[in-house]
Each structure stands twice: as structure tokens, then as C-alpha cells.
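Just below is one structure, and these are the notes that go with it.
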Amino acid sequence: GIQVEQSPPDLILQEGANSTLRCNFSDSVNNLQWFHQNPWGQLINLFYIPSGTKQNGRLSATTVATERYSLLYISSSQTTDSGVYFCAVPDAGNMLTFGGGTRLMVKP
Amino acid sequence: EPEVTQTPSHQVTQMGQEVILRCVPISNHLYFYWYRQILGQKVEFLVSFYNNEISEKSEIFDDQFSVERPDGSNFTLKIRSTKLEDSAMYFCASIWETQYFGPGTRLLVL
């Protein structure tokens, strides 16, 4: 099956800093999703981004499908951005394969 | 905005007991999924369900697990005889272009 790797595994930021999270995948995909898992464990959809760039407030994502990676940018980070960020891509049958996540802590 | 709902939010059970986790997918979605996340680990696919039958399942989804759509709206995951290693967060998801995840059921097996 498809392999998904995320980096860095852990990230500590000071409030107000910017960051870039990376997701690499081993095979061609027709979509990619980014999620934020909040401290209560809920998976929040951030982006559905098979290719190109999307922006939502302080967050934006870019997927370069031909090079098999996606980036999630967080600008002017806030303490509420803390949590784990997952990317996920569909395998055969549309079930999602998740990366290992990036654990982000934003300090005040 | 429509959302996937799951009940209960938390469940504590004794090893060997049966548990049923419930999900109500978004109404016009056709594909449904269960995923599991052991504490501190990544989310793993368990099973997908389409047209009232299992379409794909992972190695994790052994004979102790079953899924049903008993009444056209609810979608259930049953674990027949729980083991300690079944302790995890269980997510239900349904798909319409993108997968929408429910809030999860945190299962603790003692």
C-alpha cells in the first residue's frame, strides 16, 4: 500500500511564529486531506487539496502531486493551533492512509 | 453544516465484553468507514462499507469485529469479545469527495 511520511514529528513554536509541515507520499494520489487533531481527540478537516494551493485564514496548503508531497503552512501561530496535524491520502477503495503526524506545541 | 455523529463519546468495558459503537453518517453519503487510533499513534483504517456490505477491510478487522447498517441511518461497529489492545479511539467517517470524520468514541478496555 501507499506510504505516507510527515515531518517534522514534533515542533515547538513561540506564539506568532510561522511554520511549514511536510507530507510525502509514495505513489500517485487523486486527493489529499490535512487534519488537525485537537486536544479532545477530534479530527478537524483543514483542507481537501489534490493539487495546487488553498488558503483558509492563517493556514494554507500546497500539494505538488507530480512530486508526491504536500505542505501545510501556519502563519502567526496561536496557542489554539497546538495539537497533532495529520495528512492522509486514499489507497485503493478510497480508504485513507494517514501519516504519523506532526505534534505541534505553540507556547504563549 | 451536516456532520457525522458518534455515540457514546466514551465507553469503559471489561475484557471479554461485547461493545457496540454507533455512528450516524451524513445523510446523502454512500460510503462509510471505521478507523482506529491507539493512543499516541496514527489513525488506521479498519473497514469500509458500501451498499450494505463490506467493501474493504484491513488486517486489524478480524473475526471479533463486525459492522452493520441496521436501519438505513445508523452504522455500527461491534467488537464481540474485547481485548485490552482494543483500547483506542474509534472514528466513523463518510465520504462525499472528502471524508468527514465523526468526533470519535474513546474505548477503554480494563
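The values are calculated or read from the model by the stated rules, or taken from the named source; none is laboratory data. All values reported here derive from a predicted model rather than from experimental measurement. Note that we place each Cβ from the backbone using ideal geometry, even for glycine, and neighbour counts take in every protein chain shown.
What the table below lists for this structure:
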| item | result |
| --- | --- |
| Candidates B:88, B:93 - the one that is over 17 Å from residue B:10 (Cβ atoms), modelled with pLDDT of 90 or more and within 11 Å of chain A (Cβ to nearest Cβ) | B:93 |
| Strands (runs of 3 or more DSSP E) within region A:1-68 that include 2 or more residues more than 11 Å from chain B (Cβ to nearest Cβ), in contact (Cβ under 8 Å) with a residue 60 or more places away in the chain and surrounded by 15 or more Cβ atoms within 10 Å (Cβ to Cβ) | A:10-14, A:19-25 |
| Cross-chain or 6+ apart pairs with Cβ under 8 Å, region A:95-108 first and at positive phi, then outside any strand (DSSP E or B) | A:101/A:9; A:101/B:42 |
| Top-ranked residue in region A:83-107 [being at pLDDT below 95 and part of a loop (DSSP other than H, G, I, E, B); ranked as nearest to the other protein chains (Cβ to nearest Cβ)] | A:95 |
| Extreme residue, farthest from residue B:4 (Cα to Cα), among residues of region B:88-100 that are crowded, with 24+ Cβ neighbours inside 10 Å and hydrophobic (A, V, I, L, M, F, W, C) | B:91 |
| Top-ranked residue of region B:46-59 - restricted to ones that are surrounded by 15 or more Cβ atoms within 10 Å (Cβ to Cβ) and among the hydrophobic types (A, V, I, L, M, F, W, C), ranked as farthest from the other protein chains (Cβ to nearest Cβ) | B:49 |
| Which numbered condition residue B:23 fails, given (1) buried (at least 18 other Cβ atoms within 10 Å of the Cβ); (2) in a loop (DSSP other than H, G, I, E, B); (3) away from every other protein chain (no Cβ under 12 Å) | (2) |
| Unique match (being farther than 25 Å from residue A:87 by Cβ, within 14 Å of chain A (Cβ to nearest Cβ) and crowded, with 21+ Cβ neighbours inside 10 Å) among B:43, B:67 | B:67 |
